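Single-structure report; data block below.
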Amino acid sequence: MQKLIKIAPLAIAVASTLTFSTTAQAERVILQVDNLNKGIITAITRQAGGEVKVDADGFIAVEVPGKSFEELKGIFNNPHISLVEKDELRKPMALFNDTAGNPMQQQVTPYAVFQSQANLVSFNPATAPKVCVIDSGLDRSNVDFDWGSITGDNDSGTGNWDVNGGPHGTHVAGTIGAANNGVGVVGMAPGVKMHIIKVFNAEGWGYSSDLAFAAQKCSAAGAKIISMSLGGGGSNTTESNAFQNFVNAGGLVVAAAGNDGNNVRSYPAGYPSVMMVGANDNNNAIASFSQFPSCTLNGKTDENTCVEITAGGVDTLSTYPAGMATTAALSTNLGPFASSSMENVGTANAATFFMGTAETTNAAAAGKVCLIDRGVISFHDKVKNCQLSGGVGAVIINNVAGMLYATLGEGTANTTSIPAVGAAFEDRAQLLASTSATITIGGSDYGLMSGTSMATPAVSGIAALVWSNHPTCSGAQIRTALKATAKDSGTAGKDVYFGYGIAQAKAANDYLLQNGCGGGGTTAITLTATAQMQGKTRYANLSWANATTTNVDIYRNGVKIITTANDGSHRDSPTVKGTFSYKVCNAASATACSVEKSVTFTK
């Protein structure tokens, strides 16, 4: 008898919130002033309640709380000042960002689309494979799908497939195939055919036998890709065989590595037939929660039992059942502030009151918006104490750098009703200096989640996108192409965190255009290139695997530079600085080649 093993969705708890305001600051202006007259202007600034922030040659920058730009132009209308202009805010930029906008009003492209090059590959819906999403259902209330291309299976235990069992499945499906329709978000393979199987019960979990049966249903529906943002401990033969049978029939199975940030192997991702996916953020860094099991199990090493590839899975914007996500807005008498929604749709507009860490009630908070520091007690209890004090809204301020993303508890665990938002530590001083505040939490059809659950549908969608342009390929060949072309990240070469690296749709598409479906086969040449300086000498250190000829040809910037022994490594020494692209090919072959890898020498 097979042991029944529970499985559950793999998304970590984050606030499903969007914010469209910018971080607030007191109005700050640049004053061009002769150095000899700076003392006069500094005195005027202090009389207006302001402060000089920058004192440079020929100009100063000043900040005056509570004054608009027009008011400051009047205050500094002085013959010693030749120009008054806004001191524009500048922020650190991530490598990849969502496009700007409110998805309820316009289409927003999530950062992972750019990070994975999915925006650089055309999607061919006529030849695209159907993706089978095994999760908590896809709620029909969200309009951001091509519903004519979506089918599903009902289940007596979990209910109708198009009625959500929580937002997880709808979020996952949006990352794969949200439509390119001018509103909401856009998926990796916009409008791709999907088949939905709802395996999670009302308690939010299912069994390995449910997944084995679901794999059979995916086959019956004509799906070529199975996407599973779920997992649990332990393996069994029935489940393993079900996914192996799907792969043997030419399919591709993709599953989440897990979110515990340890080296534990989760299943079904840990089966060799399943492509295990980890999560990275929008700066190409591994997510702290992404699991990283060893490729060695019971003394046997198999790279298909550990992380093979990663994709964006931190603060992923996608679809929600209508109104189930939230948007947050926070402003004070000093201006708008970035915020994150915690709970409780509504609006509060009142004077502010600082409650410290809000460990007890305080009658002075009655009728006011509570400003609360993070720490000591739970977020829920802080907001509860504000509410019991008569407070009408709560702002919890982070105690470390960055925005505070949090919830007040799942379902009935949240006993509060006043709107509550998180705020960034960097804004603490300005918030505490505010005398009034307005909090608004509204419902939205789009929100953020983090987890390997979010990276998995990204890879599934990328696979569908690439496969739509190469419909004669098998799932195994698509899997090989994705690994052979992944962007190496973290430690040079394949590692347990990233596997081969971050999925790259265009690179995989180009690889298949160059090599054909069988060009890489199961022995695709993989290449790692690193730059090294020894004194004044430049070295490009190349290492490769899976070449099948006695010798290999090495190309630099498209020109063959050497035929050398297939011993897995070579050192090239460019004579000038610059960027150099390398590839390794089987000897005398123009098709059995690695993807190009680049190194850069700045001196």
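The values are calculated or read from the model by the stated rules, or taken from the named source; none is laboratory data. Model, not experiment: these values are computed from the prediction. Cβ atoms come from the backbone with ideal geometry, glycine included; neighbour counts cover every protein chain shown. Just so you know, the surface numbers come from the protein's heavy atoms only, side chains and all, with ligands and any DNA or RNA stripped out. Shrake-Rupley method; radii C 1.70, N 1.55, O 1.52, S 1.80 Å.
Between Ala126 and Ala249, what is the FRET efficiency for a Förster distance of 25 Å, r being their Cβ-Cβ separation, to the nearest 0.05? Kindly include the intermediate steps, with their values, before the conclusion.
Details: r = 22 Å, r/R0 = 0.86.
It comes to 0.70.
Please list Trp147, Trp205 from largest to smallest accessible area, probe radius 1.4 Å, with all protein chains kept in place.
Details: Trp147 50, Trp205 70 Å².
Heavy-atom accessible area, descending, gives Trp205, Trp147.
Could you state how much accessible area Tyr320 has, in square angstrom rounded to the nearest 10, with a 1.4 Å probe and all protein chains kept in place?
For Tyr320, solvent-accessible area is about 10 Å².
Can you tell me how the stretch 439-537 classifies by the Cα gyration tensor, rounded, prolate or oblate, using a/c under 1.5 as the rounded cut? Kindly include the intermediate steps, with their values, before the conclusion.
On the way: a/c = 2.72, a/b = 1.27, b/c = 2.14.
The shape class here is oblate.
Among Ile176, Ile377, what's the order by accessible area (1.4 angstrom probe), most exposed first? Numbers along the way, then the final one.
Numbers: Ile176 0, Ile377 50 Å².
Sorted descending by solvent-accessible area, the residues read Ile377, Ile176.
Could you sort Lys73, Lys382 by accessible area so the largest value comes first, with the probe set to 1.4 Å? Present the calculation step by step, with values, prior to reporting the outcome.
Details: Lys73 85, Lys382 0 Å².
Descending accessible area places them as Lys73, Lys382.
Quote the charge dipole size of the chain about the Cα centre in Debye, to the nearest 20; the model charges only the Cβ of Lys and Arg (+1) and of Asp and Glu (-1). Kindly include the intermediate steps, with their values, before the conclusion.
Numbers: 38 positive and 43 negative charges, 264 e Å.
That gives a dipole near 1260 debye.
For Thr602, what accessible area in Å² do you get when you roll a 1.4 Å probe over the heavy atoms of the protein chains, rounding to the nearest 10?
120
At 1.4 Å probe size, what's the solvent-accessible area of Val274? Round to the nearest 10 Å².
0
Run through the DSSP bridge list for the chain and note the antiparallel percent, rounded to the nearest 5.
Antiparallel bridges: around 65 percent, rounded to the nearest 5.
What does the charge dipole of the stretch 74-146 about its Cα centre add up to, to the nearest 20 debye, if the Cβ of each Lys and Arg holds +1 and the Cβ of each Asp and Glu holds -1?
That gives a dipole near 100 debye.
Using the Cα centre of the chain as origin and beta-carbon charges of +1 (Lys, Arg) and -1 (Asp, Glu), tell me which of Pro167, Ser543, Pro125 is placed farthest towards the positive end of the dipole.
Ser543
Does the chain come out rounded, prolate or oblate, given a ≥ b ≥ c as the square roots of the eigenvalues of its C-alpha gyration tensor, rounded meaning a/c under 1.5 and, failing that, prolate meaning a/b above b/c? Numbers along the way, then the final one.
On the way: a/c = 2.37, a/b = 1.35, b/c = 1.75.
Here the chain falls in the oblate category.
Percent of accessible area on the stretch 265-412 owned by carbon and sulfur, 1.4 Å probe?
52
Considering the options Tyr320, Ser450, Ala94, tell which one lies farthest towards the positive end of the dipole of the chain, charges being +1 on Lys and Arg and -1 on Asp and Glu at the Cβ, about the Cα centre.
After comparing all options, I get Ala94.
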